[in-house]
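The values are calculated or read from the model by the stated rules, or taken from the named source; none is laboratory data. A quick note: this is a predicted structure, and the numbers were derived from the prediction, not measured. Please note: Cβ atoms are built from the backbone with ideal geometry, for glycine as well, and neighbour counts cover all protein chains shown.
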């Protein structure tokens with residue numbers, strides 16, 4: 001049984017089919033990448049998997065359970081966490097405080113007016129663990145809003161990991177980052193895979209995504225036009241060039 005199964009999922013906005021009959025799966029411990037040009041339907045697909053949109057048709061299963069109509073919160077409780085194209089952090093708080101808040105949510109303590117000493121110590125220890133895991137110790141007590149965009153992106157990823165997910169969904173993690181920072185962020189992502197976490201990555205930067213993924217999919221005009229080995233896609237320079245900076249509908253035309 002696959003960890004995640006997407007079966008013939010479509011999403012329509014009026015007469016526009018943003019996603020059209022997409023099926024894919026993800027096994028436990030895998031990292032799969034979904035790439036494609038601007039306007040291909042990547043974010044719409046991602047929002048359906050994470051629960052922000054409901055499919056117009058089709059089914060989404062997580063560890064065998066139908067989650068097609070479940071809310072975002074229900075999916076988080078089942079073990080699905082995500083990041084966003086526009087980094088979602090608490091900019092007025094320190095990096096350490098951001099991680100502690102995420103750890104509180106994971107422990108079910110966020111709405112409690114008072115947290116006991118032992119629970120507080122566990123949360124602080126969890127924040128330290130996440131700081132070390134993300135290589136963020138030197139920035140622990142900096143206000144996140146003052147950090148570079150790449151460090152904010154790394155903070156958001158570690159906040160998602162604080163939820164202890166079985167499946168981590170990453171939406172365009174390289175967006176707006178300089179190439180050297182992209183490398184650092186993707187090293188964090190690759191490390192999570194080595195720890196056994198399953199990752200579904202939506203990423204327009206196909207050159208980077210295929211370097212760390214097991215399997216790759218390419219969306220164009222809402223449909224899957226490539227499904228196969230990430231290594232094979234990485235070796236096909238013509239296809240990679242076609243994806244770089246392309247617009248929707250250009251993949252098939254370039255072949």
Can you tell me which residue within region 204-235, out of those that are part of a loop (DSSP other than H, G, I, E, B) and modelled with pLDDT under 85, is surrounded by the fewest Cβ atoms within 10 Å (Cβ to Cβ)? 205
Condition first: at pLDDT 80 or above and farther than 21 Å from residue 50 by Cα. Now tell me which residues in region 191-203 satisfy that. 191
Cβ pairs under 6 Å, 6+ apart or interchain, first in region 182-193 and more than 18 Å from residue 87 (Cβ to Cβ), second crowded, with 18+ Cβ neighbours inside 10 Å and at pLDDT 80 or above, ordered by first then second residue, are 190/212; 193/31; 193/199
Would you check which residues across region 61-73 are touching a strand residue (DSSP E or B) at 6+ places or on another chain (Cβ under 6 Å) and in a loop (DSSP other than H, G, I, E, B) and list them? 67, 68
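So which residues in region 4-25 are outside any strand (DSSP E or B) and either modelled with pLDDT of 95 or more or at positive phi (or both), if there are any at all? Steps first, please.
Step one: of region 4-25, the residues outside any strand (DSSP E or B) are 14-15.
Passing the criteria: only 14.
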Elements of type helices (runs of 4 or more DSSP H) in region 75-180, at least 3 residues being crowded, with 22+ Cβ neighbours inside 10 Å and at pLDDT 85 or above: 95-106, 149-162
Set 24, 1: member being touching a residue at least 24 places away in the same chain (Cβ under 8 Å), surrounded by fewer than 16 Cβ atoms within 10 Å (Cβ to Cβ) and under 23 Å from residue 196 (Cα atoms): 1
Scan region 26-60 for residues that are within 15 Å of the chain's Cα centre (by Cα) and in a strand (DSSP E or B) and jot them down. 26, 31, 32, 33, 34, 35
Under 6 Å between Cβ atoms, which residue pairs at least 6 apart in sequence (or on different chains) link something in region 226-245 that is farther than 19 Å from residue 38 by Cβ with a partner that is assigned to a strand (DSSP E or B) and modelled with pLDDT of 90 or more? 227/217; 230/215; 230/216
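Select from region 13-31 the residues that are closer than 25 Å to residue 57 by Cβ and touching a helix residue (DSSP H, G or I) at 6+ places or on another chain (Cβ under 8 Å) and list them in ascending order. Lay out the reasoning, then the answer.
Residues of region 13-31 that are closer than 25 Å to residue 57 by Cβ, as a first pass: 13-27.
Of everything in region 13-31, those that are closer than 25 Å to residue 57 by Cβ and touching a helix residue (DSSP H, G or I) at 6+ places or on another chain (Cβ under 8 Å) turn out to be 18, 19, 22.
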